[in-house]
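The values are calculated or read from the model by the stated rules, or taken from the named source; none is laboratory data. Here the structure is a predicted model, which means the values were calculated and not measured. Backbone-built Cβ (ideal geometry, glycine too); neighbour counts: all protein chains shown.
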Amino acid sequence: MASPREILLIVTLVLSVTATFIALMAPLDPNQPLATALVAGALMLLAAYAYARKNAAAGPVLTLLLWIGLLGGLTLRALSFWPEAAVFMSLGFDLFSGQALLNGWNPYLFTADELLGGGLRVGDAALERARGGIAASPPLSEWLAQVAPTDARPSTPLLTLPFLALAQQLTPGGALGWYGILLISDLVTLGLLAVLLLRTGVALGWLLLFWLNPIWLTDVFAPAAPLALLGPVILLALWASISERAALLGLLLAVAAALNLWLAALLPLFLRSAGRRPLAWRRAAYGLVGFVLVFGMLLGLHLAFGAPLHWFGGLSVSGPAAGTSVGQLFAIDAEGLIGGLSRFAAVVWVMMLIASGLALAWPPLPDQAQRTIRAGLLGFLAFFLTTQMQPQGLLVLVIVLPLARSPALVLAAGFGTLVTGLSSLSPALAGLSPEMTARLGVGLVLIALFVFAWFTSVRRNQALE
């Protein structure tokens, strides 16, 4: 006979999976209120599962629930791409980039319109070769024809090009190979999470916070976003931190920062865990040197290919916005000294992010003060790092949810989705727009949850969750 807590776990998990299944399978526009409401509902049910999972006694019901959840997550991933659905616009550009690498073209050199024969650019041998190859390949022409605006260039992360090329080698002209690679990446992420949970003595049932997460399934896996490849990199970096392998940690976080620049802020936090013994500063130096060397090489590679560095604030601007006081700092087509220095804005931001992480991680404060600072920082990030669209870098938080085991962080990982869902109800407060009202409402709720978690951790003298 299942206990009331076990019944609550079963109900919340089944309803969350059902809502995610409907959101993935129903012919709904992802931006429609109903689709957003389904994903937001599934996320809140998963947060309720995380709350009910705390202090749950081990037993056959929880073991059965784990296996059902693992099978359900695998089924949801398989249904996302089998049978193969229509290719998303952004995915088409990514698949084109992989095929371009196979053909020996630089995918970052030309716009979609130029590759399809438009514009006034003629006489370029590389462009003419690419045009000839595209004209002879209906899938390439179809992918590029979907791109809007037509003057856009591929924004595919440079380090994912070899995997995209492999996918096109396996399934030419289709997305099935790429989905297969992402499925393998998710399985590797799941395996690494299981290893870390076992090493830290945490129950494997927490794996479902990642494996069944509706934000990851609908915003990352279903649209086949290259961000999915970050999972193994982040978890290997975390393992290197726990194992006090600082040099390897620096290398892995440099790769992660090349995929998403804001992840550089994790370096001081991970280095602090990598060395709390007498040789801590030496290990930290190894990690920092490894990060700087590898990231410098990767930055040079990006500059050589003309590939963009990715961050989730949209800091690079062009056109009229480049003339504004803020836009000049990040302009990519400004003239003169500002235009030249803007190519190295990434270096400045990496230094600022590392400094911010140092200010948070390294001061020798008492445990209670550290809890206060980290709770406040997480609440502020959840409040600040939101736009009408889900910030892509914030999705990395989903990867570590099984290790954090926090219902508040489950909701924070889907902050953009919650804001979009609430703003669709057109709330208004004191003359604010519905979107701003939704941001304030969701942000205040999350901050309240973090404060409650902090008080609970202080009262029970436990780690902050």
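Things to note:
- Flag if Pro154 is in contact (Cβ under 8 Å) with a residue 24 or more places away in the chain and assigned to a helix (DSSP H, G or I): no
- Residues considered: Ala50, Ala42, Ala2, Ala19. Of these, the only one that is farther than 18 Å from Leu207 by Cα and under 24 Å from the mean Cα position of the chain (by Cα) is Ala19.
- Any chance Leu109 is modelled with pLDDT of 90 or more and crowded, with 17+ Cβ neighbours inside 10 Å: no
- Checked against the criterion of being outside any helix (DSSP H, G or I), at pLDDT below 80 and among the aromatic types (Phe, Trp, Tyr), the range 137-147 has no qualifying residue.
- Total residues in the range 49-105 satisfying the condition of being outside any helix (DSSP H, G or I), modelled with pLDDT of 80 or more and surrounded by 15 or more Cβ atoms within 10 Å (Cβ to Cβ): the figure is 1.
- Condition check for Val195: in a helix (DSSP H, G or I), assigned by TED's automatic domain parsing to the domain that holds Val419 and in contact with a Leu (Cβ under 7 Å, 6 or more places away or on another chain): no
- Any hit, the range 231-247, residues being closer than 30 Å to Arg77 by Cα, at pLDDT below 85 and among the aromatic types (Phe, Trp, Tyr): no
- Residue in the range 290-299 that is modelled with pLDDT under 75 and either of a type outside the set (Asp, Glu) or not in a helix (DSSP H, G or I) (or both) present: no
- The residues of the range 1-42 that are surrounded by fewer than 17 Cβ atoms within 10 Å (Cβ to Cβ), at pLDDT 90 or above and of a type outside the set (A, V, I, L, M) amount to a single one, Thr18.
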